Amino acid sequence: MKKALTVFAAAVAFCIGAKAQDIIVPEGYEMVDSLVYIPVSSIDRSLDGKSIFQVLPEGINVSQSQDLRKSLADHVEENRTKQYSGYRIRIYFDNKQNSRYESESEMNRFKAKYHGMQAYRSYTNPFFKVTVGDFRTKFEAQEMLKVIQQDFPTAFVVREKFRYPAMDASSYQVDTVRFIRQIAE
């Protein structure tokens with residue numbers, strides 16, 4: 001009963017926004033951090049590369065002119081390479097004599113620290129630049145910027161045009177959960 005009450009108290013404190021240092025851990029118990037992998041909504045890939053008219057159930061017929069079908073196919077083809085405005089985080093921007101090597105070094109340092117996040121190195125006379133991420137909204141970029149600035153303090157958000165990468169169907173989010181457990185005797 002005492003164990004269940006302690007865990008309940010910790011859960012209530014977490015829900016009302018108490019910080020971990022504010023929670024009083026009873027004697028004989030300890031606070032433990034644990035990683036939790038939360039699956040993100042999965043993407044239905046069953047229609048990839050198919051026209052909706054190819055997968056209609058039997059008995060359903062759609063009357064449509066050939067011009068309309070061609071127009072839709074042309075629209076899809078034109079937009080296949082279209083670039084959209086989005087946001088990235090610039091972690092390096094300089095034009096010194098050794099900037100080429102510094103930019104490569106910064107990009108490698110970033111890739112080693114943030115696995116799975118895209119990094120892009122570019123040169124626009126006279127500047128070498130390293131930008132990271134592919135964010136659809138400024139809010140997403142700013143949230144990640146807070147994390148990245150711990151390792152790259154001069155980083156800032158920039159607006160760029162690019163093709164969004166395909167969404168990952170098996171993505172997940174990692175979070176940390178704190179709980180109180182009894183110390184094994």
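The single residue among Y114, Y92 that is open to solvent by less than 80 Å² (accessible area, probe 1.4 Å) and at pLDDT below 90 turns out to be Y114. Applying the set (1) surrounded by 13 or more Cβ atoms within 10 Å (Cβ to Cβ); (2) farther than 30 Å from I52 by Cβ to V174 leaves exactly one unmet item: (1). Quick check on the range 124-134. Is at least one of its residues touching a residue at least 60 places away in the same chain (Cβ under 8 Å) and exposed (fewer than 11 other Cβ atoms within 10 Å of the Cβ)? Looking through the range 124-134, none of the residues is touching a residue at least 60 places away in the same chain (Cβ under 8 Å) and exposed (fewer than 11 other Cβ atoms within 10 Å of the Cβ).
Can you confirm whether R100 is closer than 24 Å to S85 by Cα and either out of contact with any Ser or Thr (no Cβ under 9 Å at 6 or more places or on another chain) or charged (D, E, K, R) (or both)? Steps first, answer last, please.
Numbers: closer than 24 Å to S85 by Cα: no; either out of contact with any Ser or Thr (no Cβ under 9 Å at 6 or more places or on another chain) or charged (D, E, K, R) (or both): yes.
For R100, the condition - closer than 24 Å to S85 by Cα and either out of contact with any Ser or Thr (no Cβ under 9 Å at 6 or more places or on another chain) or charged (D, E, K, R) (or both) - is not met.
Taken across the range 47-56, residues that are out of contact with any helix residue (DSSP H, G or I) (no Cβ under 6 Å at 6 or more places or on another chain), modelled with pLDDT of 85 or more, open to solvent by 80 Å² or more (accessible area, probe 1.4 Å) and farther than 26 Å from T124 by Cβ do not occur at all. Contact map, the range 77-100: residues that are closer than 16 Å to Y120 by Cβ and in contact (Cβ under 8 Å) with a residue 12 or more places away in the chain paired with residues that are open to solvent by less than 40 Å² (accessible area, probe 1.4 Å) and among the hydroxyl-bearing types (S, T, Y), Cβ distance under 8 Å, separation 6+ or inter-chain. Pairs shown: R88/T131; I89/T131; R90/T131; I91/T131; Y92/S103; D94/S103.
The values are calculated or read from the model by the stated rules, or taken from the named source; none is laboratory data. These figures come from a predicted structure and were not determined experimentally. Glycine gets a Cβ as well: all are built from the backbone with ideal geometry, and neighbour counts include every protein chain shown. Just so you know, the surface numbers come from the protein's heavy atoms only, side chains and all, with ligands and any DNA or RNA stripped out. Shrake-Rupley method; radii C 1.70, N 1.55, O 1.52, S 1.80 Å.
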